[in-house]
Amino acid sequence: MAVAAAMAVMLQRPWTTVPSYDDLVSSLTPFHVVTVTILVTGVAMLWRACRARDVYLVEYGCFLGSPRNRVPFAMALEHGRHLTDLVDDESVKFMVRLYDKSGIGEETSVPDSFRFIPPNSGVDASREEAELVIFSAVDKAFARSGMSPSDIDALVFTCSFTTLTPEFADVIVNRYKLRPDVRSVNLSGMGCSGALICVGLARNLLRVSHPGTHVLIVATELLSSLLYTGTKREMLVPNVLFRMGAAAMIMSNSPERARFRLGPIVRTLTAAQDMDYRCAFQEEDEQGITGINLSKDLPVAAANALKSHIIAFGPAVLPVSELLRVAFSFFRHKVLGMEGKVYRPAFRKAFQHFCIHPGGRRVLYEVQKGLGLSDGDMEASHMTLHRFGNMASSSLLYELAYIEAKGRMGKGDRVCMISFSPGIDCSSVVWECVKPPAEPDNGPWAGCIHRYPVQLHIKK
């Protein structure tokens, strides 16, 4: 009744004319104009300050070894048999069997220090290798981007197992004469996730920096100080898998000249579990020889870590339809107690390309099974392992270069990068292609991309 009475009263009131636009404008005073302008400007500035600034990958470059760095299997076998004072016959036979199952080809590269008998593992050898691979990768990144060292505002470098003084970040600053106000970070111990961790660090820096800031990222692993000359089999594995490589990336918070836009970054750590913590462990053997112990449980530990990682990674990247299917499957099995297979989210619906760290053939197969990927999705990873071996965290950029060299990258394509490192630390980074390469640039795949993919003949 009260509502009806109120409506009746309103209907009895005389209608007023709606003021015209000209009347409204003429009624505004300078005070009104200034007030509205200040409010609009303040809201715009507040929105811009609170909004996460986009971060981009401008360009990248990868080291490519010369023919003198090449180490075919026959050469490695002959060299190993000459190291009678360091490596016994049983260790050589074990590494041969491991190589036959590794999926690594005949064109991988090792430093010159490996060619000495005995191998040279001194500081000078490590510094010589570092300068070779780092400078080559950075030179290529500058050449491809058209930028100069003076454009760099910050530098992030990562190398896990070798640290010299001056640190490698300072080596780069000295070589390229970077500006005195450049901010530099030198990360060690990050393992094969080092490059993606650097990307996360660069993103955080770029989001709070002024527009047009550029960060140079360099990732490598030095073999000269990693060669293990003992007899413990778990510590002989890195001798077979690891090879020489390096990659450099230039990132920016400006879309100018950008090639890729950075998407979600997810990082999970399972080091609280003892098996995961010790599955890749630098230690001394019974003879006091230092090396990296890669446990036989590593592929299983990596697969379990991936399951935990997917729980955090999936909601950030999967479409709503896939998330609803996962939620329905969880409700059906956990709440209703119904039997049947648990639904596995289709990550292939969210990405066009995958770059999985080539830590080894078994690790790749475990990741493929865990994510439900096809052989085609894993092609870049397997071919990188075959052509270059495991180059630690820089390997992912070689995989990206493979996809581009094959002409498969299109505007708007999304790339998923996943890497593992001791801990286990599982990291994922998403890229969206903004501008495919204008001209074919095979990068580190120059001279061989036409031969790939190759059929892998792996002994059981």
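Quick check on segment 322-345. Is at least one of its residues of a type in the set (A, V, I, L, M) and either touching a residue at least 24 places away in the same chain (Cβ under 8 Å) or surrounded by 21 or more Cβ atoms within 10 Å (Cβ to Cβ) (or both)? Walk me through how you get there before you give the answer.
The initial filter retains those residues of segment 322-345 that are of a type in the set (A, V, I, L, M), namely 323-324, 326-327, 335-336, 338, 342.
Filter once more, so that each one left must be either touching a residue at least 24 places away in the same chain (Cβ under 8 Å) or surrounded by 21 or more Cβ atoms within 10 Å (Cβ to Cβ) (or both): none.
Scanning segment 322-345 turns up no residue that is of a type in the set (A, V, I, L, M) and either touching a residue at least 24 places away in the same chain (Cβ under 8 Å) or surrounded by 21 or more Cβ atoms within 10 Å (Cβ to Cβ) (or both).
Being in contact with a helix residue (DSSP H, G or I) (Cβ under 9 Å, 6 or more places away or on another chain) and part of a loop (DSSP other than H, G, I, E, B) is the filter here; which residues of segment 353-390 pass it?
His357, Pro358, Gly359, Gly360, Gly372, Leu373, Ser374, Asp375, Asp377, Met378, Gly389
Only one residue in Ser329, Ser321 is modelled with pLDDT of 85 or more and more than 21 Å from Thr268 (Cβ to Cβ). Which one?
Ser321
If the requirement is being among the charged types (D, E, K, R), without any contact (Cβ under 8 Å) to a residue 60 or more places away in the chain, assigned to a helix (DSSP H, G or I) and open to solvent by 50 Å² or more (accessible area, probe 1.4 Å), which of these qualifies: Asp181, Asp170?
The unique qualifying residue is Asp170.
Enumerate the strands (runs of 3 or more DSSP E) found wholly within segment 257-322, keeping only those where 1 or more residues are among the basic types (Lys, Arg).
260-269
Can you say whether Arg203 is within 17 Å of the chain's Cα centre (by Cα), open to solvent by 20 Å² or more (accessible area, probe 1.4 Å) and at negative phi, as far as the supplied structure shows?
It is true that Arg203 is within 17 Å of the chain's Cα centre (by Cα), open to solvent by 20 Å² or more (accessible area, probe 1.4 Å) and at negative phi.
For residues in segment 224-256 being of a type outside the set (Gly, Ala, Ser) and part of a strand (DSSP E or B), which is farthest from Gly80 (Cα to Cα)? Before the answer, list the steps.
Our first condition is that a residue be of a type outside the set (Gly, Ala, Ser); within segment 224-256, this holds for 226-229, 231-244, 249-251, 253, 255-256.
Narrowing the set further to residues that are part of a strand (DSSP E or B) leaves 242, 249-251.
Details: Phe242: 16, Met249: 36, Ile250: 39, Met251: 42 Å.
Of everything passing the filter in segment 224-256, Met251 is farthest from Gly80 (Cα to Cα).
The values are calculated or read from the model by the stated rules, or taken from the named source; none is laboratory data. Given the structure is predicted, the values throughout are model-derived calculations rather than measurements. Cβ atoms come from the backbone with ideal geometry, glycine included; neighbour counts cover every protein chain shown. Side chains are part of the model used for accessible areas, which takes the heavy atoms of the whole protein and leaves out ligands, DNA and RNA. Shrake-Rupley method; radii C 1.70, N 1.55, O 1.52, S 1.80 Å.
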